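Notes for the one structure printed next.
Derivation of every value follows stated rules applied to the coordinates shown; laboratory data play no part. A quick note: this is a predicted structure, and the numbers were derived from the prediction, not measured. When we count neighbours, we look across all protein chains shown, and the Cβ atoms used for this are built from the backbone with ideal geometry, even at glycine.
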Ligand SMILES: Nc1ncnc2c1ncn2[C@@H]1O[C@H](COP(=O)(O)OP(=O)(O)OP(=O)(O)O)[C@@H](O)[C@H]1O
Ligand SMILES: [Mg+2]
């Protein structure tokens, strides 16, 4: 089996602004043709990393390799990179065609080949009819598609995108997410993408790199991050979760036994993590908990009162009481004839392979 070549390798990257650590020893590898998204809250270092890769800010330590060549101190103009930002950054005094042609001119491509590439790029983004317009004669969504075409027209090693859809309304954003995904697949581009929108990251990425305070919290496929978060921060940042504090009380065969106040004894598949013999946080996703019929058996089950029922379109959320004033969130598919109402007593349960034990300290996740 041939191993895929890395387009980008980042080793121990650090960057401080005064006493603020914007990047705190970041290691990252981006494979040829991969779509990797940097996800994380505001100020977690996503843009700082992207700009460092682009050569637009200097780093304090570590190394950046592009196409197996060290590029840590190479000027931006010598890095084979295309970029798309949140606010378009198109040249207002140039037409659409001239904007898209610009990276090719920088690379001294002949006029004939430039014209061909511009036409092909405009076809890719289905905007052939606006080639001769100036950019201020276009809508925000159209401008962002032109910015995309300008980023990929010269077929750079890596395309960097910093919240490219951030200024657009939800409907247009959803549409362009799929368009970028299609372009990525058709052109086999290698993309490093930044967003703080978890849904966007899940829709588009081969892998997600979750950032927290200048460090990588977790990196993996969308499914790994969603169903196997390694920390409270990761569980909480992506989607909804039930995070219940408790204590590990022992091990029974291949299951960890935890005691959760208000719920009692709960079993979790796996072995006791070395450091976590005491206080832990138990994690489940609301859609992995089921409302049970009389004959149903699950590894973990309990009866309780439904505190609230909220219909959110396709999903109905149930809040099932436990303990003194805590609720377990349960997501079910909305039914036209609702079976469960506020105040009902229901049986809910989940198997031991859907729950997870997380360390209380976010930095020392199990
Ligand atoms: N030019 C600068 N001068 C001083 N501090 C900066 C500068 N740029 C970024 N920072 C700081 O570095 C940290 C990381 O910032 P960065 O812009 O990388 O975050 P981000 O994850 O992109 O956030 P956002 O989602 O808001 O865009 C923050 O604490 C920020 O305040
Ligand atoms: Mg940013």
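Things worth noting here:
- Between residue 243 and residue 137, full extension at 0.36 nm per residue minus the direct alpha carbon distance yields a gain of 33.2 nm.
- The chain, relative contact order [Cα under 8 Å, separation at least 6], %: 15 percent
- Mean projected area (nm²) of the alpha-carbon convex hull when segment 250-325 is viewed from all directions: 6.6 nm²
- Our compactness index for segment 237-366, the C-alpha radius of gyration over the empirical 2.2 N^0.38 Å, is 1.08.
- Shape summary of the chain, radius of gyration then Dmax from alpha carbon positions: 24.6, 74 Å.
- Cβ crowding within 10 Å ranks 223, 240 as 223, 240, fewest other Cβ atoms first.
- Simple label model, 7 Å out from Cα along Cβ direction - residue 346 to residue 265, nm: 2.6 nm
- For segment 279-317 versus segment 1-70, the inter-centroid distance based on Cα atoms is 40 Å.
- Value at 222 nm in deg cm²/dmol, rounded to 500, when DSSP H runs of n ≥ 4 in the chain each add -39,500 (n - 2.57): -7000 deg cm²/dmol
- Each residue in 196, 282 was given a count of other beta-carbon atoms within 10 angstrom of its own, and listing them fewest first yields 196, 282.
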